[in-house]
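First up is the structure itself, then whatever we jot down about it.
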Amino acid sequence: MTILADEYPQNLRAVHDRPPLIFVAGRILPEDRGAIAVIGSRRASDDGLSVAARIADHLVEARFTVVSGLAAGVDTAAHRAALAAGGRTLAVLGTGLAHAYPAENAPLQRRIAAEGAVISQFWPEAAPTRVSFPLRNAVMSGLALATVVVEASATSGARIQARLALGHGRPVFLLEPVLEQDWARELADRPGTYVVNRAEQITAIVGRLTAAGALVE
């Protein structure tokens, strides 16, 4: 799907670093414009996994699409919870569509392709690289109206995506435990960043900003 296609996601089209072409397994629907990214550590705590699942469940109930990166940990928990709630979820890969990374998520990747969409900016046979995952984070941010960081270390891709999301003019939500990290406390002082402890706070703020026309021009 090229950027010239009518089906190219409108949210992604609106950001400056959008890829000129994406590959999609499954279908991106018009309602996926109402998407929120839920991301975090691959080595998440049990509390982090539980929080990610609760947020995804609430987003589905509030009729949002859940976007994540199909990584282990928080991403997997968010995708699984969205599917369990009967909602839409989009997985954005740091590889080509012919790969599953991590390999144990191959069945989940197939299910998301059947019920939602799996998206990659890389040629189908492209293997994972250190560069591909930060690029993937930019696409995740671009697809979503907002990014929610559940848990993340200083070296996490979630930190990269939070910075990119602010650059896209999209709000970033940090769960309170993330503030244990120096980078998160610094980010919390920037305009467009919100510290929250309940999923309902996320949807209320996104709803207000969307009504004001402030997220996607």
(request) Being among the small types (Gly, Ala, Ser) and more than 16 Å from VAL60 (Cα to Cα) is the filter; apply it to the stretch 28-42 and report the residue that is nearest to the chain's Cα centre (by Cα). (result) GLY40
(request) Please tell me if GLU180 is under 24 Å from SER120 (Cα atoms) and modelled with pLDDT under 95. (result) no
(message) When the residues of the stretch 45-70 are narrowed to those that are among the small types (Gly, Ala, Ser) and in contact with a Ser or Thr (Cβ under 9 Å, 6 or more places away or on another chain), which ends up surrounded by the fewest Cβ atoms within 10 Å (Cβ to Cβ)?
(response) ALA62
(request) Looking at (1) closer than 28 Å to GLY207 by Cα; (2) under 16 Å from the mean Cα position of the chain (by Cα), find the lone condition where ALA72 falls short. (result) (1)
(request) Name the single residue, out of those in the stretch 110-146 being of a type in the set (S, T, N, Q), assigned to a helix (DSSP H, G or I) and surrounded by 20 or more Cβ atoms within 10 Å (Cβ to Cβ), that is farthest from the chain's Cα centre (by Cα). (result) ASN137
(message) I'd like the residue in the stretch 160-217 that is in a loop (DSSP other than H, G, I, E, B), touching a helix residue (DSSP H, G or I) at 6+ places or on another chain (Cβ under 8 Å) and of a type in the set (D, E, K, R) and, out of all such residues, is surrounded by the most Cβ atoms within 10 Å (Cβ to Cβ).
(response) ARG170
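The values are calculated or read from the model by the stated rules, or taken from the named source; none is laboratory data. Note that the structure is a prediction, hence the values are computed from the model and not measured. Ideal geometry is used to build each Cβ from the backbone, glycine not excepted, and the neighbour counts take in all protein chains shown.
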